Amino acid sequence: MNRFRVLIADDNLNRLGRIKVQLAASGLFELMAPVSNLTDAYNLTELQQPDVVVVCEELVAQPEFLMFGALLEALGLRCVIFGRAGSRFARNGGKAMFAPTDGTANIDAIQNCIVGRALIDRGGERADARNATDTPFARCVVIGSSTGGIEALLSVLSSYPPKCPPTLIVQHIRPEFVSGLVQRLDRHCLASVSVAREGAPLTTGQIYVAPEDRRHLVVRPGRSPYCRLVHGEPVSGHRPSVDVLFHSAAALGEGVVGVLLTGMGRDGAEGLLEIRRNGGRTIVQDKNTSTVYGMPRAAAEIGAAMQELPLPRIGSAILAACRDSNALAG
């Protein structure tokens, strides 16, 4: 049996120590370094992605937990909350399970929530999705994102089935973090996520992320489109550039859906407009759900966006557009 990676967050240091010792003694868990505040819990969860977060109700009551809860939901993680009373986060539909205790942390209750339900439920959801019948897709997808883009990508790709439309992504990120981003997306997506390589075919079930900062990722059109990594100067201040990817994908005509997510600047706006002019479908993230409404705004202002949608609706809109030629008409 694989051991579950567990992060414990508790501002009561004595209680935190007892929980750590007792959970470690069970042999069922791989315990990450415990934390006593939500800032450390957020950072560790984002970087190391535990299977389950165990958090005391006192931390859940803090206003900052709303942001932490949003991260847990974006990553599709479960949160086991322990304390004396019911959890507002759990009652409001958050992906959490409340472990009732007497205030001293009932280890059996916490352990049962981790092993008996939290991960089993999550695994069952993923198994159901993998066994579902997939509908063929008629288009490929190109996505550009920058500031706030990692959580946005997690939200969008969480809607993808295992046999998703072939998808290429340019995310503005420091090159040393590309590998970690790909691992994170692959861990939380039903489809396969990998770093784009020269000559990689655009096939169903494959998501490619642009590598490094020395080359641009482009689509080579034809009967069997594939990835190319090309040298060139930065475009719109970036390499790889969203605009370069989008301009190359526009050659696919009606066979592409272009998506521009949150980000600073205007990289991708002109390329998205070319996709639309060539008959492709285009979507941008709306202002209210964008961390930075720069790139989507630039695209909307020049008429590149066929739809401007809140983040939770973008994944399903992409899939609809890939199946239905009229999905984004107008």
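Of Val80, Val170, the sequence from fewest to most neighbouring Cβ atoms within 10 angstrom is Val80, Val170. When a/c is below 1.5 the answer is rounded, else prolate if a/b is larger than b/c, else oblate, so apply that to the range 140-323 with a ≥ b ≥ c taken from the square roots of the Cα gyration tensor eigenvalues. Taking the square roots of the gyration eigenvalues as a ≥ b ≥ c, the range 140-323 is rounded. Rounded to the nearest 0.05, the FRET efficiency derived from the C-beta distance between Glu176 and Ala25 at R0 = 30 Å is 0.20.
Sorting 173-179, 195-201, 238-244 by their mean Cβ neighbour count within 10 Å, with the most densely packed peptide first, gives 238-244, 195-201, 173-179.
Each DSSP beta bridge with both residues in the range 178-297 is either parallel or antiparallel, and the antiparallel ones are about 45%.
If a/c stays under 1.5 just call it rounded; otherwise compare a/b with b/c (prolate if a/b is bigger, oblate if not). Do that for the range 209-290, with a ≥ b ≥ c from the square roots of the Cα gyration tensor eigenvalues. It is oblate, given that a/c is not under 1.5 and a/b is not larger than b/c.
Placing unit charges on the Cβ atoms only, positive for Lys and Arg and negative for Asp and Glu, gives the range 140-323 a dipole magnitude near 400 debye about its Cα centre. Taking the fewest neighbouring Cβ atoms within 10 Å as the starting point, the ordered list for Met67, Met306, Met32, Met295 is Met67, Met32, Met306, Met295. Using 0.36 nm per residue and subtracting the Cα-Cα separation, the extra length available between Thr39 and Ser316 on full extension is 96.5 nm. Averaging the Cα positions of each part gives two centres, and for the range 33-80 and the range 171-209 these lie 25 Å apart. The slack in the chain from Ile302 to Asn12, taken as 0.36 nm per residue of separation less the alpha-carbon distance, amounts to 99.0 nm. Among the trypsin sites (Lys or Arg not before Pro) in the range 1-75, those placed in a DSSP loop whose Cβ has at most 13 other Cβ atoms within 10 Å are Arg3.
For the range 142-251, what class follows from the C-alpha gyration tensor (a ≥ b ≥ c being the square roots of its eigenvalues): rounded when a/c is under 1.5, otherwise prolate if a/b is larger than b/c, else oblate? Here the range 142-251 falls in the oblate category.
Laboratory data are not the source of any read-out in this text; all were calculated from the coordinates shown. Everything quoted here is computed from the prediction, not taken from an experiment. Neighbour counts run over all protein chains shown; Cβ positions are idealised from the backbone, glycine included.
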